[in-house]
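Novice: The structure under discussion is supplied below as C-alpha cells; questions concerning it will follow.
The values are calculated or read from the model by the stated rules, or taken from the named source; none is laboratory data. All figures in this text were calculated on a predicted structure; none of them were measured in a lab. For neighbour counting, all protein chains shown are included, and Cβ atoms are generated from backbone atoms with ideal geometry for every residue, glycine included.
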2 protein chains.
Amino acid sequence: MNQIVAELLTIGDEILYGQIVDTNSQWMSVELSNAGIKVIRKTTVGDREDEILAAFAEAEKRVDIVLITGGLGPTSDDITKPCLAKYFNCGLKINNEALAEVTEFFTQRGRELTEINRQQAALPECCEKITNAVGTAPGMWFEKNGKVFMSMPGVPHEMKRMMTDIVIPKLKKTFTTPVIYHKVIRTVGIGESFLAEKISGWENALPQHVKLAYLPSLGEVKLRLTSFGDSIHELQAESDVLVEKLKEIAGPFIFGYGEDPLEVVIGRTLKEKKLNISIAESCTGGYLSHLITSVAGSSDYFLGSIIPYDYQIKMRQLGVKPETLEKYGAVSEPTIIEMANIVRAKFNTDIGVATSGIAGPGGATPDKPVGTVWIAYSDKYQTVTKKLQLSKDRMINIKSASIAVLNLIRQSLPE
Amino acid sequence: MNQIVAELLTIGDEILYGQIVDTNSQWMSVELSNAGIKVIRKTTVGDREDEILAAFAEAEKRVDIVLITGGLGPTSDDITKPCLAKYFNCGLKINNEALAEVTEFFTQRGRELTEINRQQAALPECCEKITNAVGTAPGMWFEKNGKVFMSMPGVPHEMKRMMTDIVIPKLKKTFTTPVIYHKVIRTVGIGESFLAEKISGWENALPQHVKLAYLPSLGEVKLRLTSFGDSIHELQAESDVLVEKLKEIAGPFIFGYGEDPLEVVIGRTLKEKKLNISIAESCTGGYLSHLITSVAGSSDYFLGSIIPYDYQIKMRQLGVKPETLEKYGAVSEPTIIEMANIVRAKFNTDIGVATSGIAGPGGATPDKPVGTVWIAYSDKYQTVTKKLQLSKDRMINIKSASIAVLNLIRQSLPE
C-alpha cells in the first residue's frame, strides 16, 4: 500500500512575523498521523497572491493532500479564497447554503449580517462547501487529479472542529490508508523520566511493529502505543494484552485511556458513586473549579466553591479559625485541613477539597519558598493532606496544584 | 532600498509528526523583524536527504537569507551537516577550533569526549564555523552568490544565544536592512468584521508604507500596524498620530497596546485607583477568577470569589433571595443584580461582579437557550447589567462570558 502523504500550508503574515505561534500544525500532524496519513512538509507563506499560488503549485507536486489554514477572515488582508478560485480556475459565487449558515450564526447571536460577513458565503464554484459549525468562514474542499486541497479557517477551535467532524472522516473515505491502531494510556503523579525507568523492561520487550511515544504535559504523561498491521482486531487484542502487562507495573499512575482528561474521569466516578463535591481554593484562584466545571454535566456533582484569596476572607467568609491562621499561617497543614473540612460542612457536600500556597512571584518566606502548596481532601471517613513543592512559575504552579488535587481526589475517593 | 527577505527552514521528523511544537520559528521571526529582515516563508521538512536538498534549492531561489535549525545532533538520524556539505559541494573535515570548543565543553562538565561527540567538530570545509556558547554542535555560515545559509542547532536556548550574539549582528553587517516599526492596538467588545467596517475609512487612508493586520482571538481583536522606513523615530511619531486618529473612531473598544492582556490592564487600573474586587460567578465556574488571579500581584486588589454553582448554594451560601430565584430564575436580571450586590457587601469590596447563564450543552429552556448569560457590575455608585447571547459551545461560552465581564469592569469603573 502506498503511504498517503500530506502537506500543511499555513497562510498568514501574523505567523511569518511571529505575532502568533502556530499551534494548529502540531495538532493537525498528530490527528493525521492517527488517521494513517503522513505529514512530510509544513509550509508557511504570507498574505500575498504570488507566494500563495506558488505554494499551491509546489505542494500539489509533492503530496496527495494539501491542508490549508488561514486567510479566510472577512477583511481585505485575507486572500486565500480568491487565490484558490484563481488556482482552480473558477469564479467566486454566493453559496446559498453557506449564506443560510452564516445568517443563522448572526441571527442566533442577535447581530445583524453586514455586507462583509455576507461575502464570507461567496465560495469558488468548483469547491465543495464544508460547514463551519462554530464560526462564519466555511471550509472548502477541492479535488484535482486525485489530489485533495482542503482550506480551513486558522482560528484553532474552528479548524479543530472541522477537522474532527468532517475532514478526517472524508479523507479516510477518499484515500486508502494503512491499518493503524492507537492506544493512549494516561498517567498522572509521575514524571516522564521516572515513568520511563519504571517501564523500561516492558518497553524494550515491545514487538517491532508497535511503537511507544511519551507525550508529557503539565502534571501528566500520556503513553501512546501505535501498532501497524493488517487487521484492526488483531492489533487491538494485542494492544490490550500489552496494556494489561503495563498495569501490573504502573497501575497506580494510570487514570484512564484515550481522550478523557482527569477532570472528566473524576466527574464520571463522582456521578457513578453519587457523591458531590465543593472546593475552597486559594492559591489556585479558580483554576481548579474551572477544570471541574469545564466538564459538561458537572452541575450534577459540583455544588460550588469559595475562593478565599484574602487573609480576612479566609476567616470571615470561609470560617478558618483566626488562631490557626495566626499560629501556622495560611500555607500550612492545619489551615488546609480546616479549609477542606469547613467547605464540606458549609456547602453540605460529601467531599471537600482545598488549596493554599505561594503561587509566586511574590509572597515567599524563608521557610515557604515560591511553589510551596498544601492541598487537602476531606470526606466523612478521612481527611488527607499533601504538601507540594512546585516551580518558580506562577502559571505552572496554579495548574500543577489543580491537577494534583484532582489526583488526590482520584486516590482518596471511598470504594 | 531592497527589502532583505529570509526563509526559516526547520529540519526534523519530530516537528512534522507533531511530537514537539516549533516555538523557535516564532522567536526568530520577531528577532529578524526587529532587525529589519522580513521572513517570507517558513518550511519544515523531515530528516531525509532528498527532501532537505530540495528545500535548500527552493529556498536559495526565493530569499537572501536561509536560516536552518535542527538536524545537528550527534545521532545517525541527524543529517543536516552532510546535506550542507553535499549542497555546497565540499568535504567534511575536523575543524580544530570547533574540536577545542567541544572538548572544553565536556572537560568543564567533567565528562569524557566520546568519538560521537568528536564528530560534532567535523564541519563542511566551505563554511565559517559559528561558536555554540552553550552546546556542542557549532553553527555553520555559508555564503554563495550574495546569499547566506546559516545552520543552527534546534535546541531553543542554543539557537537563541547564537542568533542574539552572532547571527543577527553578522546579518546586519552583511546586508543593508530597512527600519521597521510595529504597533499593536488591542480591542475588546467588537467583532472583527464590525471593527473593520467602522475603521475602513481610516484603514484606506493609511500611507503606502504602513500595513494593517487584524489578529482576532476569543473576545478580542488585535490590530497591528507595521511601518517601513529609514528612521525609527519618524516611524514611531507617524504611528502615534495614526493611533490618535484611530482612537477618535474606535476609542471605546481600545483597552491597551502591546503585550498586556485585558486582565493585566484591569489589574493595573484597579491598583492605581486603589479599588478592590470580589466575584460571584456561576456559569463561568471559576474561569473569571482564574483570569484575574493569573496576574502576578492580583492579591493586591482581588479579595475572593464565591462560585454558587448549585441553586441551593446561590441561596444559602451567597444569599440570593428565594423569591427572586423562584420568580425570575437563576439566569435573570434580578438575580444577577442581587449576586453582584451581595458579593460586594459580603466580601466588603469596592466592586462586585457576577455571572449566571446556560453554558451548555444542558440546562436550556425555550426562552433561555444555551449561550444565554447575564453579567453584572456593582459599585457604590451604580449596578450595571448586560445580557449576552453567546454560542452553543460550553468552553467558548465560559471564556467569552469571562472576557465580557472584564470588559464590563473596564467600561464601568468610576473615574
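Novice: Return the total of residues in the stretch B:192-223 being within 12 Å of chain A (Cβ to nearest Cβ) and part of a helix (DSSP H, G or I).
Specialist: 10
Novice: Count, please, the residues in the stretch A:342-376 that happen to be within 14 Å of chain B (Cβ to nearest Cβ), in a strand (DSSP E or B) and more than 21 Å from residue A:306 (Cα to Cα).
Specialist: 0
Novice: Kindly indicate whether residue A:163 is within 18 Å of residue A:11 (Cβ to Cβ), in a helix (DSSP H, G or I) and assigned by TED's automatic domain parsing to the domain that holds residue A:14.
Specialist: When the stated conditions are applied, residue A:163 passes them.
Novice: Could you tell me which numbered condition residue A:140 fails, if it satisfies all but one of (1) assigned to a helix (DSSP H, G or I); (2) in contact (Cβ under 8 Å) with a residue 24 or more places away in the chain?
Specialist: (1)
Novice: Take the residues in the stretch B:166-191 that are within 13 Å of chain A (Cβ to nearest Cβ) and not in a loop (DSSP other than H, G, I, E, B); name whichever of them is nearest to residue B:145 (Cα to Cα).
Specialist: Looking at the filtered set, the residue picked out is B:180.
Novice: Something else about it: For the stretch A:56-91, which positions are assigned to a helix (DSSP H, G or I) and either buried (at least 22 other Cβ atoms within 10 Å of the Cβ) or of a type outside the set (Gly, Ala, Ser) (or both)? Walk me through it before giving the result.
Specialist: Keep residues of the stretch A:56-91 that are assigned to a helix (DSSP H, G or I), which gives A:56-62, A:80-87.
Listed by number, the residues that qualify are A:56, A:58, A:60, A:61, A:62, A:80, A:81, A:82, A:83, A:84, A:86, A:87.
Novice: Could you check the stretch A:9-55 and list, in sequence order, the residues that are facing chain B (nearest Cβ under 7 Å), of a type in the set (A, V, I, L, M) and more than 19 Å from residue B:214 (Cβ to Cβ)?
Specialist: Correct list: A:30, A:39, A:40.
Novice: Is it the case that the stretch A:324-341 has a residue that's assigned to a helix (DSSP H, G or I) and touching a Pro at 6+ places or on another chain (Cβ under 6 Å)? Quick ask: steps written out before the conclusion?
Specialist: If we filter the stretch A:324-341 for residues that are assigned to a helix (DSSP H, G or I), which is where we start, we get A:324-328, A:333-341.
Within this subset, residues satisfying the condition of being touching a Pro at 6+ places or on another chain (Cβ under 6 Å) are A:324, A:328.
Yes.
Novice: Which numbered condition trips up residue A:32, out of (1) touching a Pro at 6+ places or on another chain (Cβ under 7 Å); (2) of a type outside the set (Asp, Glu); (3) surrounded by 23 or more Cβ atoms within 10 Å (Cβ to Cβ)?
Specialist: Here residue A:32 meets the rest and fails (1).
Novice: Where residues in the stretch A:122-161 are of a type in the set (A, V, I, L, M) and within 13 Å of chain B (Cβ to nearest Cβ), which of them is nearest to residue A:99 (Cα to Cα)? Before you say what the answer is, go through the steps one by one.
Specialist: Residues of the stretch A:122-161 that are of a type in the set (A, V, I, L, M), as a first pass: A:122-123, A:130, A:133-134, A:137, A:140, A:148, A:150, A:152, A:155, A:159.
After this cut, where a residue has to be within 13 Å of chain B (Cβ to nearest Cβ) as well, the list is A:133-134, A:137, A:155.
Working: A:133: 13, A:134: 15, A:137: 10, A:155: 20 Å.
So, considering only residues that are of a type in the set (A, V, I, L, M) and within 13 Å of chain B (Cβ to nearest Cβ), the one nearest to residue A:99 (Cα to Cα) is A:137.
Novice: Hey, another quick one. Quick check on this structure: which one of A:248, A:220, A:244, A:238 is under 19 Å from residue A:355 (Cβ atoms), of a type outside the set (A, V, I, L, M) and assigned by TED's automatic domain parsing to the domain that holds residue A:206?
Specialist: Numbers: A:248 fails: under 19 Å from residue A:355 (Cβ atoms); A:244 fails: under 19 Å from residue A:355 (Cβ atoms); A:238 fails: under 19 Å from residue A:355 (Cβ atoms).
Answer to the check: A:220.
Quick grid of which residues meet (1) in contact (Cβ under 8 Å) with a residue 60 or more places away in the chain; (2) closer than 25 Å to residue A:410 by Cα; (3) among the β-branched types (Val, Ile, Thr):
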| residue | (1), (2), (3) |
| --- | --- |
| A:283 | yes, yes, no |
| A:289 | no, yes, no |
| A:298 | no, yes, no |
| A:307 | no, yes, yes |
| A:312 | no, no, no |
| A:315 | no, no, no |
| A:324 | no, no, yes |
| A:335 | no, yes, yes |
| A:346 | yes, yes, no |
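Novice: Determine whether residue B:318 is over 22 Å from residue B:382 (Cβ atoms) and surrounded by fewer than 23 Cβ atoms within 10 Å (Cβ to Cβ).
Specialist: Working: over 22 Å from residue B:382 (Cβ atoms): no; surrounded by fewer than 23 Cβ atoms within 10 Å (Cβ to Cβ): yes.
Considered against the rule, which asks whether it is over 22 Å from residue B:382 (Cβ atoms) and surrounded by fewer than 23 Cβ atoms within 10 Å (Cβ to Cβ), residue B:318 comes out as no.
Novice: May I ask you to list the residues in the stretch A:57-83 that are under 25 Å from residue B:48 (Cα atoms) and within 30 Å of the chain's Cα centre (by Cα)?
Specialist: A:59, A:63, A:64, A:65, A:66, A:67, A:68
Novice: Looking at the stretch A:303-341, which of its residues are more than 12 Å from chain B (Cβ to nearest Cβ) and in contact with a strand residue (DSSP E or B) (Cβ under 8 Å, 6 or more places away or on another chain)?
Specialist: Keep residues of the stretch A:303-341 that are more than 12 Å from chain B (Cβ to nearest Cβ), which gives A:320-329, A:331-341.
Of everything in the stretch A:303-341, those that are more than 12 Å from chain B (Cβ to nearest Cβ) and in contact with a strand residue (DSSP E or B) (Cβ under 8 Å, 6 or more places away or on another chain) turn out to be A:329, A:331, A:332, A:333, A:335, A:336, A:337, A:339, A:340, A:341.
Novice: I'd like to check something: does the stretch B:377-397 contain any residue that is touching a strand residue (DSSP E or B) at 6+ places or on another chain (Cβ under 8 Å), in a strand (DSSP E or B) and surrounded by 23 or more Cβ atoms within 10 Å (Cβ to Cβ)?
Specialist: As a first pass, look at the stretch B:377-397 and keep what is touching a strand residue (DSSP E or B) at 6+ places or on another chain (Cβ under 8 Å): B:377-379, B:383-390, B:397.
If we keep only those that are in a strand (DSSP E or B) as well, we get B:377-378, B:383-389.
Add one more test, that the residue is surrounded by 23 or more Cβ atoms within 10 Å (Cβ to Cβ), and what stays is B:377-378.
Yes, the stretch B:377-397 contains a residue that is touching a strand residue (DSSP E or B) at 6+ places or on another chain (Cβ under 8 Å), in a strand (DSSP E or B) and surrounded by 23 or more Cβ atoms within 10 Å (Cβ to Cβ).
Novice: When only residues in the stretch B:224-239 that are assigned to a helix (DSSP H, G or I) and in contact (Cβ under 8 Å) with a residue 40 or more places away in the chain count, which is surrounded by the most Cβ atoms within 10 Å (Cβ to Cβ)?
Specialist: First pass over the stretch B:224-239, keeping only residues assigned to a helix (DSSP H, G or I): B:232-239.
Next, only the ones that are in contact (Cβ under 8 Å) with a residue 40 or more places away in the chain stay: B:232, B:235-236, B:239.
Values: B:232: 13, B:235: 22, B:236: 14, B:239: 18.
Filtering first and then ranking leaves B:235.
Novice: Give A:180, A:166, A:190, A:185 a once-over and let me know the one that is hydrophobic (A, V, I, L, M, F, W, C), under 23 Å from the mean Cα position of the chain (by Cα) and closer than 30 Å to residue A:78 by Cβ. Show your work before the answer.
Specialist: Details: A:180 fails: closer than 30 Å to residue A:78 by Cβ; A:190 fails: closer than 30 Å to residue A:78 by Cβ; A:185 fails: closer than 30 Å to residue A:78 by Cβ.
Selected residue: A:166, the only one of A:180, A:166, A:190, A:185 that is hydrophobic (A, V, I, L, M, F, W, C), under 23 Å from the mean Cα position of the chain (by Cα) and closer than 30 Å to residue A:78 by Cβ.
Novice: A follow-up question, please. Going through A:293, A:226 one at a time, which residue ends up being within 14 Å of chain B (Cβ to nearest Cβ) and under 22 Å from residue A:409 (Cβ atoms)?
Specialist: On the way: A:226 fails: under 22 Å from residue A:409 (Cβ atoms).
After ruling out the rest, the residue left standing is A:293.
Novice: Among the residues of the stretch A:107-126, are any touching a Lys or Arg at 6+ places or on another chain (Cβ under 6 Å), outside any strand (DSSP E or B), of a type outside the set (A, V, I, L, M) and at pLDDT 95 or above?
Specialist: yes
Novice: Given the conditions (1) within 14 Å of another protein chain (Cβ to nearest Cβ); (2) closer than 27 Å to residue B:316 by Cα; (3) not aromatic (Phe, Trp, Tyr), report the number of the one that residue A:261 does not fulfil.
Specialist: (2)
Novice: Now for a separate question. Can you confirm whether the stretch A:346-360 contains a residue that is modelled with pLDDT under 95, under 30 Å from the mean Cα position of the chain (by Cα) and buried (at least 19 other Cβ atoms within 10 Å of the Cβ)?
Specialist: Yes, there is a match, as at least one residue in the stretch A:346-360 is modelled with pLDDT under 95, under 30 Å from the mean Cα position of the chain (by Cα) and buried (at least 19 other Cβ atoms within 10 Å of the Cβ).
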